[in-house]
Structures are given as structure tokens and as C-alpha cells.
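**Student:** Quick one: the structure is below, and I'll ask about it shortly.
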Amino acid sequence: MKTLDKTTDEIKNEILDAAFARFGQYGFGKTTMAEIARDCDMSAGNLYRYYENKAEIGAGCSLRCFAEKEKLQREVLRRPDLSAAKRLEVFVLETLHYIFGQFSQQPRLFELVGFISEERMDLVEAHMKMQCSLLAEILAEGNKTGEFDIPDV
């Protein structure tokens, strides 16, 4: 990765790409900042210009995964061809498919999940709040169409 003519965001994204691949192959605990830097063709000192530590990189990778999953879920909500019941089914199945796809090929990513769950519960709680909001939207739609009778969505 050459850093000339790249924006800070582009460089940060390339770092997250490299870190995510390494976390998936070797695990969060066995990955070092120096290895991530080497994967990005930069010095460890340069890497610290973009991320304070490995925990911050792990948080960035987690936020990216949360955002990808939420984008997929929002796409299900925008599909006009689905009833609320079918939308709920597709929402759950697409979510499970996404999670399976992430971890079936890279089971060592579970270490990152463990780290985030212990050290950055704020990120997990924000993601869970968004998940509840998206589900509430489906349930409210079902109440409106008469498919569901849920008093408190």
C-alpha cells in the first residue's frame, strides 16, 4: 500500500482491510500492530498515525461489520414486494446468512467478537439498539397491515 496521493480515510480503510484479514486468519490476540503495518507496506510508526492501538483497529473492524449488516437489513426493509411477515423472515435469514458468511470462512474472528463484547460494550449496545429499531419497523408495518397484533413493538 503506497500512501502517496491517498486520503486519510482511504489509508484507514486499507488498514482495516489488512487487519480484518489478519484477525480472521490468526485471531485478534495473536495479531500485532507491526504485522498489520507490514501487511499495509508501512512502518509500525506510521500505522500509529492512523490508529492509536490494536483495540482501536478492532473497534473499526467491528463498526464496519455492524454497518455492512445494517445496510443489508435496511435493503430488506426497502423491498416493496414483501409482506411484513415475509419481510421479517427474510430479515432474519439474511442476517443469519451474513453472520455465517463472516465466521464460516474465518472462525478466528470470534476472538474479535469476544474483545469487542468485553472492552467496547458501547459499540455492541449501539448496534443492538439499531437492530431493535429495524425490527420494530417491520413489526409496526405488520401491525398496520393487520398481519401482526403486537401491542408494544
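The values are calculated or read from the model by the stated rules, or taken from the named source; none is laboratory data. Please read these numbers as outputs of a predicted model, since none were measured by experiment. Neighbour counts run over all protein chains shown; Cβ positions are idealised from the backbone, glycine included. We work out accessible area using only protein heavy atoms, side chains counted, and drop any ligands, DNA or RNA first. Shrake-Rupley method; radii C 1.70, N 1.55, O 1.52, S 1.80 Å.
**Student:** With θ set to phi - 60°, apply the Karplus curve 6.51 cos²θ - 1.76 cosθ + 1.60 along the stretch 142-153 and write out the HN-Hα couplings as whole Hz, x wherever there is a Gly or Pro.
**Tutor:** Going residue by residue, I get x, 4, 5, 8, x, 6, 10, 9, 10, x, 10, 5 Hz, with x marking Gly and Pro.
**Student:** What's the ranking of 73-82, 136-145 by average number of surrounding C-beta atoms within 10 Å, highest first? Let's see the in-between values first.
**Tutor:** Details: 73-82: 12.9, 136-145: 16.0.
Highest mean packing first, the order is 136-145, 73-82.
**Student:** Given the peptides 124-134, 33-43, arrange them by the average over their residues of other C-beta atoms within 10 Å, most packed first.
**Tutor:** Numbers: 124-134: 13.5, 33-43: 17.0.
Put in order of decreasing packing, that is 33-43, 124-134.
**Student:** For the stretch 97-109, what does the Karplus curve 6.51 cos²θ - 1.76 cosθ + 1.60, with θ = phi - 60°, yield as ³J(HN,Hα) per residue in whole Hz, taken in order and with x for Gly and Pro?
**Tutor:** 4, 4, 4, 4, x, 5, 9, 5, 8, 9, x, 6, 5
**Student:** Over the alpha-carbon set of the stretch 96-146, divide Rg by the Kirkwood Rh and report the Rg/Rh ratio to two decimals.
**Tutor:** Details: Rg = 15.0 Å, Rh = 13.0 Å.
With Rg and the Kirkwood Rh in hand, the quotient comes to 1.15.
**Student:** List the lysines whose alpha-carbon lies under 19 Å from that of Lys86, not counting same-chain residues fewer than 8 positions away?
**Tutor:** Lys69, Lys71, Lys144
**Student:** Run the numbers for Ser43 and Asn13: contour at 0.36 nm per residue of separation, minus the present Cα-Cα distance, in nm.
**Tutor:** Numbers: separation 30, 0.36 × 30 = 10.80 nm, distance 1.64 nm.
Difference between extended and current length: 9.2 nm.
**Student:** Can you compute the modelled spin-label distance between Glu70 and Phe110, with each label point 7 Å from Cα toward Cβ, in nm?
**Tutor:** Between Glu70 and Phe110, the simple spin-label model gives 2.7 nm.
**Student:** If I compute solvent accessible area with a 1.4 Å probe over the protein chains, what percent of it on the chain is carbon and sulfur? Present the calculation step by step, with values, prior to reporting the outcome.
**Tutor:** Values: 5060 of 9180 Å².
Result for the chain: 55 percent of the exposed heavy-atom area is carbon or sulfur.
**Student:** Let me ask something else about it. How much length is gained if the chain between Ala140 and Met121 is pulled fully straight, taking 0.36 nm per residue apart and subtracting their Cα-Cα distance, in nm to one decimal?
**Tutor:** Stretched fully, the Ala140-Met121 segment lengthens by 4.0 nm.
**Student:** So what is the calculated 222 nm ellipticity per residue for the chain, using -39500 (n - 2.57) for each DSSP H run with n of 4 or more, over all residues, to the nearest 500 deg cm²/dmol?
**Tutor:** Values: 7 runs with 113 residues, N = 153.
The helix contribution divided over the chain gives -24500 deg cm²/dmol.
**Student:** Could you calculate the contour length gain from Asp5 to Ile99, that is, 0.36 nm times the residue separation minus the distance between their Cα atoms, to one decimal place in nm? It would help to have the intermediate numbers written out before the result.
**Tutor:** On the way: separation 94, 0.36 × 94 = 33.84 nm, distance 3.49 nm.
Separation in residues times 0.36 nm, less the Cα-Cα distance, equals 30.3 nm.
**Student:** Give me the dipole magnitude in Debye, nearest 20, for the chain about the Cα centre, with unit charges on the beta carbon: positive for Lys and Arg, negative for Asp and Glu. Provide the component values of the computation, followed by the final result.
**Tutor:** Working: 20 positive and 26 negative charges, 67 e Å.
Dipole magnitude for the chain comes out near 320 debye.
**Student:** Set the Förster distance to 25 Å, then compute FRET efficiency between Met128 and Arg78 from the Cβ-Cβ distance, nearest 0.05.
**Tutor:** It comes out at approximately 0.70.
**Student:** Keeping all protein chains in place, calculate the accessible area per residue for the chain (probe 1.4 angstrom), answer in Å².
**Tutor:** Heavy-atom accessible area per residue stands at 60 Å².
**Student:** If you plug each phi of the stretch 69-82 into the Karplus form 6.51 cos²θ - 1.76 cosθ + 1.60 with θ = phi - 60°, what whole-Hz ³J(HN,Hα) values come out, in order, with x for Gly and Pro?
**Tutor:** Residue by residue, the stretch 69-82 yields 5, 5, 5, 4, 5, 5, 4, 5, 5, 7, 6, x, 8, 10 Hz.
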